[in-house]
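Worksheet for the structure shown next.
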Amino acid sequence: MAVYTLPELPYDYSALAPVISPEIIELHHDKHHAAYVKGANDTLEQLAEARDKEAWGSINGLEKNLAFHLSGHILHSIYWQNMTGDGGGGEPLAADGVGDLADAIAESFGSFAGFKAQLTKAAATTQGSGWGVLAYEPVSGRLIVEQIYDHQGNVGQGSTPILVFDAWEHAFYLQYKNQKVDFIDAMWAVVNWQDVARRYAAAKERSYNLLLAP
């Protein structure tokens with residue numbers, strides 16, 4: 001039985017247009033995300049077979065594959081929820097019920113404008129394929145921006161992603177061609193701040209479960 005399953009989209013394929021076309025959403029979710037789910041499940045089966053046979057010659061490759069596919073599945077699952085075509089975008093404000101998130105952004109980055117510029121640059125300048133991520137870092141209790149290559153790398157251990165910008169070509173090329181910066185700029189119009197705020201609150205509540213450095 002599969003351990004991981006492809007989540008349903010919280011909206012139809014056309015919900016994020018014109019920022020993201022229906023064709024991209026369909027291909028991205030139904031093909032690319034589905035491939036990461038299948039890859040994670042297949043790798044778990046291969047690891048189980050390796051344990052049964054005590055055949056460890058491919059362990060390094062299998063562990064890397066599991067991290068790649070599982071991270072791809074998790075990041076995409078957050079990505080779909082991070083966006084909305086119904087009143088998304090703008091700036092998180094206390095008047096909209098996301099004041100704690102707005103305060104945390106201001107405290108961690110100096111201003112919303114500073115945060116927006118940093119995350120935009122982090123996503124737009126990933127070398128090759130990757131992500132720009134806003135994450136809650138539990139040791140300092142602050143928000144940080146991380147730059148992820150492929151689906152891993154350049155991340156603080158224990159940090160929790162709460163807002164992710166997909167900068168892989170499959171996320172934008174059919175519509176934006178090679179203009180990744182234009183895609184990242186457009187993404188800000190569909191950010192679901194309600195979802196980001198819920199993830200921020202949940203990350204803070206879970207932080208006590210981590211073994212923190214003194």
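The values are calculated or read from the model by the stated rules, or taken from the named source; none is laboratory data. As the structure is a prediction and not an experimental result, all values here were calculated from the model. Here the Cβ positions follow ideal geometry from the backbone for every residue, glycine too, while neighbour counts run over all protein chains shown. The area values use the complete protein model at the heavy-atom level, side chains included, leaving out ligands, DNA and RNA. Shrake-Rupley method; radii C 1.70, N 1.55, O 1.52, S 1.80 Å.
Which one of these does G90 not meet: (1) open to solvent by 30 Å² or more (accessible area, probe 1.4 Å); (2) part of a helix (DSSP H, G or I); (3) of a type in the set (G, A, S)?
Tallying (1) open to solvent by 30 Å² or more (accessible area, probe 1.4 Å); (2) part of a helix (DSSP H, G or I); (3) of a type in the set (G, A, S), G90 fails exactly one: (2).
Name the single residue that is farthest from K177 (Cα to Cα) among those in the stretch 10-39 being of a type in the set (F, W, Y) and in a loop (DSSP other than H, G, I, E, B).
Out of the qualifying residues, it is Y11.
Among the residues of the stretch 40-80, which ones are farther than 27 Å from T160 by Cβ, of a type in the set (G, A, S), part of a helix (DSSP H, G or I) and out of contact with any helix residue (DSSP H, G or I) (no Cβ under 7 Å at 6 or more places or on another chain)?
Correct list: A48, G61.
So which residues in the stretch 14-59 are closer than 16 Å to D150 by Cβ and either aliphatic (A, V, I, L, M) or open to solvent by 80 Å² or more (accessible area, probe 1.4 Å) (or both), if there are any at all?
Answer for the stretch 14-59, where residues must be closer than 16 Å to D150 by Cβ and either aliphatic (A, V, I, L, M) or open to solvent by 80 Å² or more (accessible area, probe 1.4 Å) (or both): A35, A40.
Those residues that are more than 20 Å from D166 (Cα to Cα) and among the aliphatic types (A, V, I, L, M), I need them from the stretch 114-145; list them, please.
Matches in the stretch 114-145: V139 only.
Assess whether V133 counts as being touching a residue at least 24 places away in the same chain (Cβ under 8 Å), surrounded by fewer than 15 Cβ atoms within 10 Å (Cβ to Cβ) and hydrophobic (A, V, I, L, M, F, W, C).
No, not satisfied.
Can you tell me which residue is modelled with the lowest pLDDT among those in the stretch 201-214 that are part of a helix (DSSP H, G or I) and farther than 18 Å from D103 by Cβ?
So, considering only residues that are part of a helix (DSSP H, G or I) and farther than 18 Å from D103 by Cβ, the one modelled with the lowest pLDDT is N209.
Regarding the stretch 148-163, can at least one residue be identified that is more than 22 Å from G88 (Cα to Cα), open to solvent by 30 Å² or more (accessible area, probe 1.4 Å), at pLDDT 95 or above and of a type in the set (D, E, K, R)?
No: zero hits.
Looking at (1) in contact (Cβ under 8 Å) with a residue 40 or more places away in the chain; (2) open to solvent by 40 Å² or more (accessible area, probe 1.4 Å); (3) over 17 Å from E91 (Cβ atoms); (4) not β-branched (V, I, T), can you tell me which one S140 breaks?
It fails just one condition, (1).
Just wondering, is there one or more residues in the stretch 180-200 that are under 19 Å from the mean Cα position of the chain (by Cα), assigned to a loop (DSSP other than H, G, I, E, B) and either modelled with pLDDT of 95 or more or of a type in the set (K, R) (or both)?
Among the residues of the stretch 180-200, at least one is under 19 Å from the mean Cα position of the chain (by Cα), assigned to a loop (DSSP other than H, G, I, E, B) and either modelled with pLDDT of 95 or more or of a type in the set (K, R) (or both), which makes the answer yes.
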